[in-house]
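Peer 1: Got a structure here, written out as structure tokens. Questions coming.
The values are calculated or read from the model by the stated rules, or taken from the named source; none is laboratory data. On a predicted model such as this, the values are computed, not experimentally measured, just so you know. No Cβ is skipped: glycine too gets one built from the backbone with ideal geometry, and neighbour counts run over all protein chains shown. SASA here: full protein model, heavy atoms, side chains in, ligands and nucleic acids out. Shrake-Rupley method; radii C 1.70, N 1.55, O 1.52, S 1.80 Å.
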Amino acid sequence: DQQVKQNSPSLSVQEGRISILNCDYTNSMFDYFLWYKKYPAEGPTFLISISSIKDKNEDGRFTVFLNKSAKHLSLHIVPSQPGDSAVYFCAAAGFGNEKLTFGTGTRLTIIP
Amino acid sequence: DTEVTQTPKHLVMGMTNKKSLKCEQHMGHRAMYWYKQKAKKPPELMFVYSYEKLSINESVPSRFSPECPNSSLLNLHLHALQPEDSALYLCASSQDIYPVGIPPSSYNSPLHFGNGTRLTVT
């Protein structure tokens, strides 16, 4: 049972434009959400997180939006840069499921 | 540069071998984790240590044996592995584990991963 889903396995975006990565979850007890970026042959790198008491969190070019009623979060990267090409995982944790649950990942390719 | 260091980067072993994976962090984190990742799949949790004690074992086969010698070090001892155990093994650390009954969001403790050990079992 996949509690965290990333329905787009891949996404291509022109350099300089906005990249939007989406994530849906089914467990209403999740209250802490994170995004990780992974290059080949490296471990995931923590990017940004958001708590369920907020609906938006920004850090430089990265913004995460949370829509609790829709059980949906998204990561916006603007402007997109070639170095952003990687696999992005969303992850979640919450009451009764304190371990991080990862989504299946979205491969983002930034086209120069 | 990652602040969680894993050695070796690559390991090839036969099914009768015994080997160990090592992980080290110097961020003062009190929780350490082993994850396994297969190609095109998300990381899967194997073990969690909190304050050097095993906190979670996700029903991992006994051919994988974790050890936490001190708060900075985490080992994974491997014995009699199968070819299907070939994967990227990731170590991670966080300030704390997520205590039962307390919202994880209240302490904001993301996991920091090492670069992994690529294990091939022949």
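Peer 1: Compute the whole-percent fraction of alpha carbon pairs in the protein assembly as shown spaced more than 23 Å apart.
Peer 2: That tail contains 49 percent of the Cα-Cα pairs.
Peer 1: In whole Hz, what ³J(HN,Hα) sequence does the stretch A:100-109 give by Karplus (6.51, -1.76, 1.60; θ = phi - 60°), x for Gly and Pro?
Peer 2: Result, rounded to whole Hz: 6, 10, 9, x, 7, x, 10, 8, 9, 10.
Peer 1: What number, in percent, do you get for the relative contact order of the stretch A:1-65 if the mean sequence gap of Cα pairs under 8 Å and at least 6 apart is divided by its residue count?
Peer 2: Normalised by residue count, the contact order of the stretch A:1-65 is 21 percent.
Peer 1: Which of rounded, prolate, oblate describes the stretch A:4-111, given a ≥ b ≥ c as roots of the alpha-carbon gyration tensor eigenvalues and a/c under 1.5 marking rounded, otherwise prolate only if a/b is larger than b/c?
Peer 2: prolate
Peer 1: Further question on the same structure: Whole angstrom only: what separates the Cα centroid of the stretch A:50-112 from the Cα centroid of the stretch B:13-29?
Peer 2: 30 Å
Peer 1: Run down the aspartates and glutamates and flag those whose C-alpha is under 19 Å from the C-alpha of B:Lys53, throwing out any fewer than 8 positions away in its chain.
Peer 2: Counting by Cα, and skipping residues close in sequence, B:Lys53 has these aspartates and glutamates nearby: A:Glu98, B:Glu24, B:Glu67, B:Asp96.
Peer 1: Which order do you get for A:Thr106, B:Thr7 if you rank them by accessible area with a 1.4 Å probe, largest at the top?
Peer 2: B:Thr7, A:Thr106
Peer 1: Run the quick spin-label model on B:Gln95 and A:Asp55: label points 7 Å from Cα toward the beta carbon, then report their separation in nm to one decimal.
Peer 2: Going from the B:Gln95 label point to the A:Asp55 one covers 2.7 nm.
Peer 1: How big a patch of accessible area, both sides summed and in Å² to the nearest 100, lies buried between B and A at a 1.4 Å probe?
Peer 2: 1900 Å²
Peer 1: With a sphere of radius 12 Å drawn around the Cβ of A:Ser19, what net charge do the other residues whose Cβ falls strictly inside it have (Lys, Arg +1; Asp, Glu -1)?
Peer 2: Working: positive: A:Arg17, A:Lys37, A:Arg61, A:Arg107; negative: A:Glu15, A:Asp84.
Neighbour charge sum, excluding A:Ser19 itself: +2.
Peer 1: Which ³J(HN,Hα) values, rounded to whole Hz and listed in residue order, are derived for the stretch A:18-29 from phi using the Karplus coefficients 6.51, -1.76 and 1.60 in 6.51 cos²θ - 1.76 cosθ + 1.60 with θ = phi - 60°, glycine and proline given as x?
Peer 2: 8, 9, 10, 10, 10, 8, 10, 9, 10, 8, 6, 8
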